[in-house]
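Heads up: the structure comes next, in structure tokens.
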Amino acid sequence: MQKKIVEFTNILRKAGVRVSVAETLDSFLALDEMTLDHRDQFKAALRCSMVKHSDDISTYDRLFDLFWSGFHDSLREQIKEALQGLGDIDIEALMEQLQSMLQNMDVDLSELAQALLTIDQNQLEQLIRQAGDETGIERIQNMLQIGFFSRRVLEQLGMTGASQELENLVEQLREQGMDEGELEKLQGLLKAVQDAMRKAVRQYTERELDKQNHDYIERFRQESLQEKSFYNLTEEDMRKMREVVDRLAQKLKNVVSIRRKRERKGKFDLKHTMRRNMSHDGVPFELMFKRRRKDRPKMVILCDISSSVANVSRFMLQFIYSLGEIFTKIRSYVFVAELGEVTEIFRDRDIYSAIDEALDGGGVINPYTRSNFGMAFHVFWRDHLATLDNRTTVVIIGDARNNYNDPRAWCLRDVHRKAKNVIWINPEAPGAWGFGDSVMDEYLPHTDVAEECRNLRQLSKLVDQLVL
Amino acid sequence: MFESVEAVQSALEGQKYVTTKNIATVVYLATKLQKPVLVEGPAGVGKTELAKVVAGALGIEMIRLQCYEGLDEAKALYEWEYSKQLLYTQMLRDKISQVLEGADTLKEAANRIAQEDDIFFSERFIVPRPLMRAITSDKTTLLLIDEVDKSDPEFEAFLLEVLSDYTVSVPEVGTIRARNIPIVFLTSNNAREMTDALKRRCLHLYIDFPDLETEVAILNQKVPGIEQRLVEDIVELVQRVRNLDLKKTPSISETLDWARALMTLNADSLEKDLIEQTMNVILKHQGDIEKAQTELSKLLSEKAAAQRAQEPVQSTPTSIKKSVLH
Ligand SMILES: Nc1ncnc2c1ncn2[C@@H]1O[C@H](COP(=O)(O)OP(=O)(O)OP(=O)(O)O)[C@@H](O)[C@H]1O
Ligand SMILES: [Mg+2]
């Protein structure tokens, strides 16, 4: 049983459900407390000890059925079909007759032959699983191997040998004077059961393939989502990415706040303690500690919202605002040629609709113009330079494709002088910077960090660096 | 404690809590393995109630720690009882002067006081808060850490320590170890996701909105004497409404409130006007109400069509039923 569970755990893992070793052990302990004859209790016990994210429950349910019950049912289905196909012979009567004849005969049958003869479904299931384990069925990788592995399992089962044994048995029964009509029925029955067994083995192999593949499709989707270029996203991708960003941001927030907690326990603060304890006649009941507060950075974010860059801006905004409390202050601006502040929009609206509105110009700029970075920076320089100080990190998102306008790099130079950091996020690869109408090379000297960012993986790495 | 999963189920049903196999299994394992349970799910599906009925079924005390933003260790564990400490200092004033007698410098005086300070920082002056109470209780208790997702991640880290070894350390007094390991339930609405470390410590239970049968059973449990037809009407409608894209999806509490409201109005089945007048019991936002009304009209015309198909001749004008859902 434990081996079976470990195998199941591996399949869950492959499907992207994280199950730790400790949790696998917990599931053993849980099962020790249970009687295993109720499938739904068994399912609940495994789940509550191994699957801790509600998103994973549907995956678990699917895999559970695939792993623990699917084959069980399909074997029974096959046998039922085979027996129905025989028309109306009285199987029970046949079995009884067989039973009584066998009692007076000296036959020695292998496990498999016995199970086939008595149509012992539990035993047959057991034997198939065992043979599967012994042939290493979990190595199956693609459709083309189904035939091969099915044959291997049948060999391991000793199917040919069992067939032979059963034929011999029929001969022996004939010698013992069993009625020809009955014998024919028996032969028909045995053949049907063996056919069903072969089909069941094939289905078993197919299921194994399903199990091994399930994950990989899912994982592939996940991974490709992280790698997928922001340039061409479907609605569905956008929705999923939004969730992924949410989760990443949440995780980051936890990491940061736990780290801050450690930093916060400071030195004993005598002055504060005295003041605090005046009411106790100066007897120091409450000890006060200095809080070493690490500077929370201020954040200014300039987003290019022209269509080529809009999605980078979208997910960056989602990151920044989800991380909100990590920064003391966030101010956000959008630009194409004009530049305008959209901080207010984020103040009293839910984040997603705020982002949509900001990317649509936020009512402060016209989004349907041709990009002009020089002009946008100039406006920022003229109206907002004063808001920067040496605790401010400025993040600029844009491709620096300036439509051959004047880049006015000196504006960015002044921004760089006043701010703590200037970080530029560009969806184009560095190889393209400075070519054609890209003026990235002129802005580059006035940045501290400039990175290519075309997909979620790159973006989340950047955000990571930004806050840690 | 419970003998089996079935025993849990019947004990909780005895507390008027409609219990699925899944819930019963997790509760059973939690008591057997002495592991905390993290109960997640949307608002109002009976997470808090579950902890209450488990305590009720076992006849043990439930101690509740309600989490909120800014809850810190002190408020969860213990606080010093300053006024009592102060009172003692006042009363012991003479003694203190004796101790201080002959001390020439402030520093020396402070040193002498410091030598005595374990008198003031002893268990005598500790006011235990829920966590401490659950841990130091003579009897097994049920500790409910409610809405843990509202607490800060720092607090979660602290909880994790407590739930790992059931000891807490009070710097001035030493380590206090649990006399009885409490049964622990944590509930969360997923306002933020709990860390993997905490989740690893816990058994996990996800309670979703109930299916139709379960919700009917809950209404029958909680609103005795209600008309069966009314129950079915209510639940069917609520379940349909839940599938809409709403600002706030109605929970079991809202279903219960609605049923009680309709009982007071002496309704025995749902009629269009009645629904429209009382819709605000289950839905709080105007936009949601409008969406639900559209859905309602759809449901009604479907019902009417089904009815026409079923009983084409019988519906003479006098026998037209007023109920629109049947
Ligand atoms: N299975 C059930 N059987 C009987 N009553 C139930 C059941 N589930 C929920 N209820 C009732 O629904 C109401 C809401 O339950 P409860 O307050 O426990 O929800 P909750 O999940 O804790 O919600 P929140 O997340 O808002 O705290 C309670 O009145 C409770 O009695
Ligand atoms: Mg609650």
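Could you tell me which numbered condition B:Asp104 fails, if it satisfies all but one of (1) in a loop (DSSP other than H, G, I, E, B); (2) buried (at least 21 other Cβ atoms within 10 Å of the Cβ)?
The number of the failed condition is (2).
Output the number of the condition that B:Asp211 fails; it satisfies all remaining conditions of (1) charged (D, E, K, R); (2) farther than 28 Å from B:Leu65 by Cβ; (3) surrounded by 15 or more Cβ atoms within 10 Å (Cβ to Cβ); (4) within 14 Å of ligand 1 (Cβ to nearest atom).
Against the list (1) charged (D, E, K, R); (2) farther than 28 Å from B:Leu65 by Cβ; (3) surrounded by 15 or more Cβ atoms within 10 Å (Cβ to Cβ); (4) within 14 Å of ligand 1 (Cβ to nearest atom), B:Asp211 comes up short only on (3).
Listed residues B:Val241, B:Val184, B:Val235; which is touching a residue at least 24 places away in the same chain (Cβ under 8 Å), open to solvent by less than 10 Å² (accessible area, probe 1.4 Å) and farther than 30 Å from B:Thr167 by Cα? Show your work before the answer.
Details: B:Val184 fails: farther than 30 Å from B:Thr167 by Cα; B:Val235 fails: touching a residue at least 24 places away in the same chain (Cβ under 8 Å).
Answer to the selection: B:Val241.
I need a count of the residues in the stretch B:36-49 that are facing chain A (nearest Cβ under 9 Å) and crowded, with 22+ Cβ neighbours inside 10 Å.
3
If I ask for residues that are without any contact (Cβ under 8 Å) to a residue 24 or more places away in the chain and among the hydroxyl-bearing types (Ser, Thr, Tyr), which ones from the stretch B:253-305 would you list?
B:Thr264, B:Thr278, B:Thr294, B:Ser297, B:Ser301
Just wondering, is there one or more residues in the stretch B:24-35 that are touching a strand residue (DSSP E or B) at 6+ places or on another chain (Cβ under 6 Å), away from every other protein chain (no Cβ under 14 Å) and more than 16 Å from ligand 2 (Cβ to nearest atom)?
The answer is no; no qualifying residue exists.
Scan A:Ile128, A:Ile89 and give me the residue that is out of contact with any Asp or Glu (no Cβ under 7 Å at 6 or more places or on another chain) and either open to solvent by less than 20 Å² (accessible area, probe 1.4 Å) or assigned by TED's automatic domain parsing to the domain that holds A:Thr9 (or both).
Testing whether each residue is out of contact with any Asp or Glu (no Cβ under 7 Å at 6 or more places or on another chain) and either open to solvent by less than 20 Å² (accessible area, probe 1.4 Å) or assigned by TED's automatic domain parsing to the domain that holds A:Thr9 (or both) leaves just A:Ile128.
Can you find a residue in the stretch A:56-63 that is within 9 Å of chain B (Cβ to nearest Cβ) and open to solvent by less than 30 Å² (accessible area, probe 1.4 Å)?
Looking through the stretch A:56-63, at least one residue is within 9 Å of chain B (Cβ to nearest Cβ) and open to solvent by less than 30 Å² (accessible area, probe 1.4 Å).
For the stretch A:30-50, indicate whether the set of residues that are of a type in the set (A, V, I, L, M) and open to solvent by 70 Å² or more (accessible area, probe 1.4 Å) is non-empty.
yes
Answer yes or no: is there a residue in the stretch B:57-77 that is open to solvent by less than 50 Å² (accessible area, probe 1.4 Å), more than 30 Å from B:Ile252 (Cβ to Cβ) and touching a strand residue (DSSP E or B) at 6+ places or on another chain (Cβ under 7 Å). Don't jump to the end; show me each part of the working.
Pass one, the stretch B:57-77, residues open to solvent by less than 50 Å² (accessible area, probe 1.4 Å): B:57-58, B:60, B:63, B:65, B:67, B:70-71, B:74, B:76-77.
Still in the list and also more than 30 Å from B:Ile252 (Cβ to Cβ): B:74, B:77.
In the following step, the residues that additionally are touching a strand residue (DSSP E or B) at 6+ places or on another chain (Cβ under 7 Å) were identified as B:77.
Yes: one or more hits.
Conditions (1) in the same structural domain as B:Met62 (by TED's automatic domain parsing); (2) under 23 Å from B:Tyr68 (Cα atoms); (3) within 16 Å of ligand 1 (Cβ to nearest atom), marked per residue:
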residue	(1), (2), (3)
B:Leu159	yes, yes, no
B:Glu172	yes, no, no
B:Asn180	yes, no, no
B:Leu186	yes, yes, yes
B:Ala197	yes, yes, no
B:Arg201	yes, yes, no
B:Ser251	no, yes, yes
B:Thr255	no, no, yes
B:Arg260	no, no, yes
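Matching residues to (1) touching a helix residue (DSSP H, G or I) at 6+ places or on another chain (Cβ under 8 Å); (2) more than 14 Å from chain A (Cβ to nearest Cβ); (3) within 16 Å of ligand 2 (Cβ to nearest atom):
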residue	(1), (2), (3)
B:Thr105	no, yes, no
B:Arg133	no, yes, no
B:Leu143	yes, yes, yes
B:Val148	yes, no, yes
B:Glu161	no, no, no
B:Asp165	no, yes, no
B:Glu172	yes, no, no
B:Thr175	no, yes, no
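Count, please, the residues in the stretch A:374-384 that happen to be more than 18 Å from A:Val342 (Cβ to Cβ) and either in contact with a Ser or Thr (Cβ under 8 Å, 6 or more places away or on another chain) or open to solvent by less than 30 Å² (accessible area, probe 1.4 Å) (or both).
1
Are any residues in the stretch A:326-373 surrounded by 15 or more Cβ atoms within 10 Å (Cβ to Cβ), assigned to a helix (DSSP H, G or I) and of a type in the set (Asp, Glu), and if so, which ones?
A:Glu357
Suppose we filter the stretch B:177-211 for residues that are within 16 Å of ligand 2 (Cβ to nearest atom) and of a type in the set (A, V, I, L, M); how many remain?
Qualifying residue count, the stretch B:177-211: 6.
Please determine, by comparing only the residues of the stretch B:1-12 that are free of Cβ contacts under 8 Å to residues at least 40 places away in the same chain and surrounded by fewer than 17 Cβ atoms within 10 Å (Cβ to Cβ), which one is farthest from the other protein chains (Cβ to nearest Cβ).
B:Ser10
Is there any pair with a first residue in the stretch A:66-95 that is modelled with pLDDT of 85 or more and a second that is β-branched (Val, Ile, Thr) whose Cβ atoms are under 6 Å apart and which are 6 or more apart or on different chains, and what are they?
Cβ pairs passing all conditions: none.
Quick one: which helices (runs of 4 or more DSSP H) sit completely within the stretch B:1-88 and have at least 3 residues that are within 14 Å of ligand 1 (Cβ to nearest atom)? So that I can check it myself, show each step before the final result.
On the way: elements: B:5-14, B:21-33, B:47-58, B:73-76.
Qualifying helices (runs of 4 or more DSSP H): B:5-14, B:21-33, B:47-58.
The values are calculated or read from the model by the stated rules, or taken from the named source; none is laboratory data. From a predicted model like this one, the values you see are computed outputs, not experimental measurements. Cβ coordinates were reconstructed from backbone atoms using ideal geometry, including for glycine residues, and neighbour counts include every protein chain displayed. Side chains included, ligands, DNA and RNA excluded: accessible areas come from the protein's heavy atoms. Shrake-Rupley method; radii C 1.70, N 1.55, O 1.52, S 1.80 Å.
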